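The values are calculated or read from the model by the stated rules, or taken from the named source; none is laboratory data. This structure is a prediction, so every number in the text was calculated from the model and none was measured. Cβ coordinates were reconstructed from backbone atoms using ideal geometry, including for glycine residues, and neighbour counts include every protein chain displayed. Ligands, DNA and RNA are excluded from the accessible area calculation, which covers all protein heavy atoms including side chains. Shrake-Rupley method; radii C 1.70, N 1.55, O 1.52, S 1.80 Å.
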Amino acid sequence: MIINRYLIVVVLIFSSNLLLAQRVPAWGGGADQQDLSFGFSFTYVSSDFKIVNQPYFRRPFLDETGVQIKGPLNSISSKSSSGFGVGFLTRYRLTEHLEVRTTPSLIFADRYLHYSYVDPSEDVDKKVQTTSVDVPLQIKLKSDRLGDFRGYVVGGLKYSQTIGSKKNSDANLDLSEKLVKNVSGYASYEAGVGCDIYFEFFKLSPEIKISNSIGNVLISENNPYSAPLSRLGLHTIMFSLIFE
């Protein structure tokens with residue numbers, strides 16, 4: 001009888017331990033067990049221009065002989081446009097909660113400017129075609145790991161270099177058809193938040209960042225679409241899935 005009572009107690013203790021025991025955290029492919037690790041990323045990009053107009057931007061545009069090419073403007077605006085990017089990750093752990101990383105990426109993202117004129121028939125959208133290589137250098141500050149989850153914030157600087165663009169691509173176009181051009185290389189600052197989700201063989205990090213260019217990205221030219229602009233800044237929102 002006494003033995004049966006002890007047996008029941010042992011069974012109850014063992015059962016309670018099983019009920020209260022936590023699942024063993026996923027390995028995450030061993031990414032956190034190394035100081036240096038690698039991965040790749042897929043990014044959705046939404047970007048638009050921040051516009052500063054010339055004081056006289058509303059005036060009609062005249063050519064060198066005084067002939068009006070475009071009428072008076074009402075406004076110049078920029079709507080958000082979508083793009084995508086693919087890249088590679090290199091990460092180096094400084095401490096348990098701090099690491100430095102870079103994610104060189106190839107970005108395909110066109111941008112648009114809308115010119116609204118007093119005469120609506122003159123309204124036009126100008127596309128700035130862009131394919132660029134982005135090379136960021138970022139600091140990532142991580143929280144403690146909770147099971148298979150860890151939150152983080154990230155921030156740093158990025159250099160972007162446009163590829164495949166031609167300086168004189170509109171040389172043979174009429175003034176009314178000229179393009180708006182951007183500088184080939186520029187720097188940006190960026191910041192964002194994300195989380196590390198651990199699986200058995202890899203770590204997935206959904207992340208959202210905001211990026212703003214430093215300085216003026218506009219190439220000033222004497223045509224109906226560049227002349228009314230004083231400066232352009234590039235504002236970008238990026239949602240990334242990073243696999244490590």
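Points to keep in mind about this one:
- Here the alpha carbons of segment 120-202 define both size measures, Rg and Dmax, at 20.9, 63 Å.
- Environment charge at L106 (Cβ cut-off 15 Å; Lys +1, Arg +1, Asp -1, Glu -1): -1
- Other residues with beta-carbon under 14 Å from the beta-carbon of P224 carry, at +1 per Lys or Arg and -1 per Asp or Glu, a net charge of -4.
- Given (i) 52, 38, 32; (ii) 42, 42, 34; (iii) 113, 34, 26, the label whose value is Cα extents along the principal axes in Å derived from this model: (iii)
- Cross-link reach is defined here as a Cα-Cα straight distance under 13 Å, omitting same-chain residues fewer than 8 places apart; for K70 the aspartates and glutamates meeting it are D119, E122, D123, D174, E177.
- Reachable lysines from K142, criterion Cα separation under 27 angstrom, eight or more residues apart if same chain: K158, K203, K209
- Contour excess over end-to-end distance, with Cα ends at S80 and F38 and 0.36 nm allotted per residue: 11.9 nm
- Karplus-based coupling profile of segment 112-118, in residue order and whole Hz: 10, 10, 10, 9, 9, 9, 4, with θ = phi - 60° in 6.51 cos²θ - 1.76 cosθ + 1.60 and x standing for Gly or Pro.
- Heavy-atom accessible surface of segment 23-108: percent carbon and sulfur, 1.4 Å: 61 percent
- For the chain, averaging the sequence separation of C-alpha pairs within contact (under 8 Å, six or more residues apart) and dividing by the residue count gives a relative contact order of 23 percent.
- Segment 136-241 - percent of accessible surface contributed by carbon and sulfur, probe 1.4 Å: 63 percent
- Probe 1.4 Å, accessible area per residue of the chain, Å²: 57 Å²
- Here S165 and I210 are evaluated by their C-beta separation; at R0 = 35 Å the FRET efficiency comes out at 0.90.
- Proximal charge balance of S47 [Cβ under 14 Å; K/R count +1, D/E count -1]: +2
- Partner aspartates and glutamates whose Cα lies under 20 Å from the Cα of K140, excluding those fewer than 8 positions away in the same chain, are identified as D32, D35, E96, E99, D148, E190, D196, E207, E244.
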